[in-house]
Amino acid sequence: MTTLSLKRIAVLALPMAALAMTTAAQAQEWTPSKSIEFIAPANPGGGWDTLVRTMSRVIQQESLADESFAAINVPGGGGAVAWAQVARDSGNPHKLFATSPPMILVPLAGASRYDHTDFTPIARINTDYSIILVAADSEYQTLDDLFEALKANPGLSVGGGSAPGSMDHISMAGLASAAGMEASAVNYIPFSGGGDAMTNLMGGHIEAVIGGAGEAVGQLGEGSQLRALGVSSEERLGGGLADVPTYQEQGYDYTFDIWRGVMGAPEMPEEAVEYYETLFADMLETDAWREASDQLGWIDAYQNSEEFGAFLDEQQEQFSSVLTDLGLLRQ
């Protein structure tokens with residue numbers, strides 16, 4: 001090859017190299033160009049809603065992003081309605097949604113055509129716990145009181161803000177099993193969100209509610225219309241839940257973690273995923289987030305996109321066996 005040819009190749013290579021460097025720089029510097037739709041796949045008042053609104057508020061308070069995170073409620077089907085909406089918006093880097101065990105459980109039960117593999121995992125954020133609530137004037141003072149009644153009258157109902165075979169149902173079924181009941185014997189009534197479940201409890205339509213401790217903490221305390229019978233953590237939680245005994249304290253050898261995280265539209269660009277990973281990791285380090293987490297009884301449990309995706313695969317395998325025991329696994 002002649003010297004002239006080598007020079008020509010070198011000259012041609014320079015613009016290509018410059019283009020590659022520019023493309024890489026653009027990918028690394030990606031930021032949202034408009035407001036982010038941050039979806040809670042349920043009505044206001046539940047765990048997804050609490051996570052979305054708390055994260056949006058902290059990000060704004062701490063000036064972590066130039067664009068706002070708009071909290072949007074899309075209820076229905078235990079999350080399935082929102083998932084179907086997001087699934088139609090493939091590649092959109094401005095659409096996120098809160099997620100938790102129902103993302104695994106609802107599809108396994110056959111109630112959604114979409115499962116976690118249809119979306120982009122962004123990050124796991126934290127862990128919450130289940131809590132059993134009754135009306136303040138209820139005859140049930142302890143978990144023993146409640147389960148004695150449920151065993152005596154299987155028609156008595158316990159409500160939750162997720163679909164049959166989903167998070168609240170599974171959590172309650174596990175506790176019932178620890179109490180000596182058949183897991184499938186629990187008369188679980190699903191509502192479209194934690195707020196709806198609470199309304200029905202206060203209306204006397206159900207005996208108790210199982211939900212996330214974080215979403216319940218603001219409704220407990222002096223003068224509350226609710227009373228907490230127990231929480232699914234291994235140890236007592238702090239803040240407004242410090243007086244709530246654990247299941248284990250009351251002789252029920254059972255715990256249940258409610259992990260929560262964020263997912264995005266299918267085929268979200270890698271540079272957008274990296275942006276959100278960094279943003280949420282930074283958010284967890286702020287004083288505003290620590291204060292909110294302490295108040296809500298949340299424990300940070302951050303995982304990046306790759307780690308969160310692997311975790312979701314593991315959850316799918318674990319919950320498959322639980323739903324099989326309840327006779328709810330989609331065949």
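The values are calculated or read from the model by the stated rules, or taken from the named source; none is laboratory data. Fair warning: this is a prediction, and the values are worked out from it, not measured in the lab. So basically every Cβ, Gly included, is an ideal-geometry build from the backbone, and we count neighbours across all protein chains shown. Just so you know, the surface numbers come from the protein's heavy atoms only, side chains and all, with ligands and any DNA or RNA stripped out. Shrake-Rupley method; radii C 1.70, N 1.55, O 1.52, S 1.80 Å.
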Go through the residues of region 264-286 one by one and say whether even a single one is more than 20 Å from residue 123 (Cα to Cα) and either within 16 Å of the chain's Cα centre (by Cα) or assigned to a strand (DSSP E or B) (or both).
no
Collect the residues in region 139-154 that are of a type in the set (Gly, Ala, Ser) and either closer than 15 Å to residue 173 by Cα or free of Cβ contacts under 8 Å to residues at least 12 places away in the same chain (or both), keeping them in residue-number order.
152
All positions within region 58-92 that are open to solvent by 40 Å² or more (accessible area, probe 1.4 Å) and assigned to a helix (DSSP H, G or I):
60, 61, 77, 81, 85
What are the residues in region 189-211 that are under 20 Å from the mean Cα position of the chain (by Cα), at pLDDT 90 or above and either under 18 Å from residue 148 (Cβ atoms) or not aliphatic (A, V, I, L, M) (or both), if any?
190, 210, 211
Please go through region 168-189 and pick out each residue that is in contact with a Phe, Trp or Tyr (Cβ under 9 Å, 6 or more places away or on another chain) and over 18 Å from residue 252 (Cα atoms).
none
Region 101-140 - residue that is touching a strand residue (DSSP E or B) at 6+ places or on another chain (Cβ under 9 Å) and not in a strand (DSSP E or B) and, of those, surrounded by the fewest Cβ atoms within 10 Å (Cβ to Cβ):
137
Taking interchain pairs and intrachain pairs at least six residues apart, which have beta carbon atoms under 7 angstrom, with the first residue in region 92-119 and within 19 Å of residue 273 (Cα to Cα) and the second surrounded by fewer than 20 Cβ atoms within 10 Å (Cβ to Cβ) and among the basic types (Lys, Arg)?
94/34
Residue list for region 287-331, restricted to those being part of a loop (DSSP other than H, G, I, E, B) and at pLDDT 90 or above
304
Do we have residue 259 as outside any helix (DSSP H, G or I) and within 26 Å of residue 132 (Cα to Cα) here?
yes
Set 207, 222, 274, 270: member being without any contact (Cβ under 8 Å) to a residue 60 or more places away in the chain and at negative phi
222
Answer with yes or no whether residue 142 is more than 15 Å from the chain's Cα centre (by Cα) and at pLDDT 95 or above.
yes
Starting from region 242-253, keep only residues that are among the aliphatic types (A, V, I, L, M), then list their pairs with residues that are open to solvent by less than 50 Å² (accessible area, probe 1.4 Å) whose Cβ atoms are within a distance under 6 Å, requiring at least 6 positions of separation or different chains.
244/228; 244/231
